[in-house]
Amino acid sequence: MAILQPLKFGFVGLGNMGSMISQNLATYAQTQRFPRVQLWNRTRSKIEELAQQGHFEIAGSLEDLAKSCDVIHACLANDDVALSIYRQILKAAKPGLILVDHSTLFPTTSSALHADAEAQGASFLSSPVFGPPAAAKSAGLLVVLSGDAKAKETVKRYVVPTIGKSIIDCGEDTSKGALLKILGNSCILGTIELMSESFTLAEKTGFDAGLFYEFIQQWFPAAAWVNYGKKIRDGAFSGKTGFTLPGGMKDASYIRRLGAETSTPTPIIDQAWNHLTSAKALGGEGLDWSACAAGMRVTAGLPPFKGEDFSLPRE
Ligand SMILES: NC(=O)c1ccc[n+]([C@@H]2O[C@H](COP(=O)([O-])OP(=O)(O)OC[C@H]3O[C@@H](n4cnc5c(N)ncnc54)[C@H](OP(=O)(O)O)[C@@H]3O)[C@@H](O)[C@H]2O)c1
């Protein structure tokens, strides 16, 4: 049996997703007797808390991380953050460094980072993921991969089952991985928008939301329908265990930008954008993006929020 070359991993970005993915990576590193996973995050307290829970060590700086790691995984909020962080890493990268990006980025941003990495003798893999933080915790993500074939070979040694349950390989062009993620999120946001409408109609017609959800479970047994349907049924939109509304608006803006750039109308996502905007204006900025339903509810004359997770400041 071939002996695996030990890999020194780094992880950057300990948000809702990264805090889960990094723990699975650390468990893998520990079982393989690889060095501890080096952690870096903007908010230091999150690193210190996580570092106590597994096979981790704290990186002093992004430069230290870049100098010592073979593979750095990252999951960051948006394009500006990703560009800034990766460019700091690449300045100090050792030759052959592989960057594995799980953020949802615009395709041209992924391409720019690929070019920057190549210029430094490093590789940038676009590896966005499908699934909420709970799926990240149970290594149940669908992992997209695109970029340099040799770097992908290294990462494919462990990504399944360490981080996810399966991979879709989009080839060597990193923009394609980013594109698949945006197309996929278009389907998910469209589903949230549609369920927001149907649950609102159920309430307005006096139909029991629980019974309607039972129908969804039986007839549309797919993760996006079942998970977001439950949140909309209950009005339980905690942002801490999901995908925040600003994150959802970022992805909606990518979909609309792709539509504008290619003269492709995106009417469902435009409508969802309006409902996300209303939900944000109503105080829901810290909630999950399925709080889109609150924007729909007000258009039908219902109070925006009904769930126990949300309390607007009272007069
Ligand atoms: N949540 C989901 O269901 C989900 C699913 C699939 C993909 N995604 C994608 O995964 C990425 C992360 O999502 P998430 O839900 O984990 O987001 P999140 O909880 O908001 O975490 C964002 C991460 O980015 C860091 N960050 C934000 N602004 C920064 C800045 N100016 N400088 C340095 N670091 C900064 C945060 O650091 P701090 O800890 O210091 O704030 C945190 O580590 C996003 O691109 C999202 O689209 C999310």
(request) For the stretch 148-184, enumerate the residues that are more than 16 Å from the chain's Cα centre (by Cα) and of a type in the set (D, E, K, R). (result) ASP148, LYS150, LYS152, GLU153, LYS156, ARG157, ASP169, GLU172, ASP173, LYS176
(request) Report yes if GLN32 is among the polar types (S, T, N, Q), in contact (Cβ under 8 Å) with a residue 24 or more places away in the chain and within 15 Å of the ligand (Cβ to nearest atom), otherwise no. (result) no
(message) Please go through (1) free of Cβ contacts under 8 Å to residues at least 12 places away in the same chain; (2) within 22 Å of ASN185 (Cα to Cα); (3) of a type outside the set (Asp, Glu) for LEU83 and return the number of the only condition it doesn't satisfy.
(response) (1)
(message) Would you confirm, using the coordinates I've provided, whether ALA112 is of a type in the set (Gly, Ala, Ser) and surrounded by fewer than 24 Cβ atoms within 10 Å (Cβ to Cβ)?
(response) yes
(request) Please go through the stretch 72-96 and pick out each residue that is touching a helix residue (DSSP H, G or I) at 6+ places or on another chain (Cβ under 7 Å), away from the ligand (no atom under 11 Å from the Cβ) and over 20 Å from LYS176 (Cβ atoms). (result) ILE72, ARG87, ILE89, LEU90, ALA92, ALA93, LYS94
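Going by the structure shown, is ILE268 in a helix (DSSP H, G or I), surrounded by 18 or more Cβ atoms within 10 Å (Cβ to Cβ) and among the β-branched types (Val, Ile, Thr)? Before you say what the answer is, go through the steps one by one.
Values: in a helix (DSSP H, G or I): yes; surrounded by 18 or more Cβ atoms within 10 Å (Cβ to Cβ): no; among the β-branched types (Val, Ile, Thr): yes.
Judged against the criteria, ILE268 is not a match.
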(request) Report whether or not THR266 is polar (S, T, N, Q), within 25 Å of ALA178 (Cβ to Cβ), out of contact with any Asp or Glu (no Cβ under 6 Å at 6 or more places or on another chain) and touching a residue at least 40 places away in the same chain (Cβ under 8 Å). (result) yes
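Give, as residue ranges, the strands (runs of 3 or more DSSP E) completely inside the stretch 121-188 that count at least 2 residues that are more than 11 Å from the ligand (Cβ to nearest atom) and within 24 Å of SER19 (Cβ to Cβ).
Details: elements: 123-126, 141-145, 164-169.
Correct list: 123-126, 164-169.
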(message) So GLY54 passes all but one of these: (1) more than 14 Å from the ligand (Cβ to nearest atom); (2) modelled with pLDDT of 95 or more. Which condition number does it fail?
(response) (2)
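The values are calculated or read from the model by the stated rules, or taken from the named source; none is laboratory data. Note that the structure is a prediction, hence the values are computed from the model and not measured. Please note: Cβ atoms are built from the backbone with ideal geometry, for glycine as well, and neighbour counts cover all protein chains shown.
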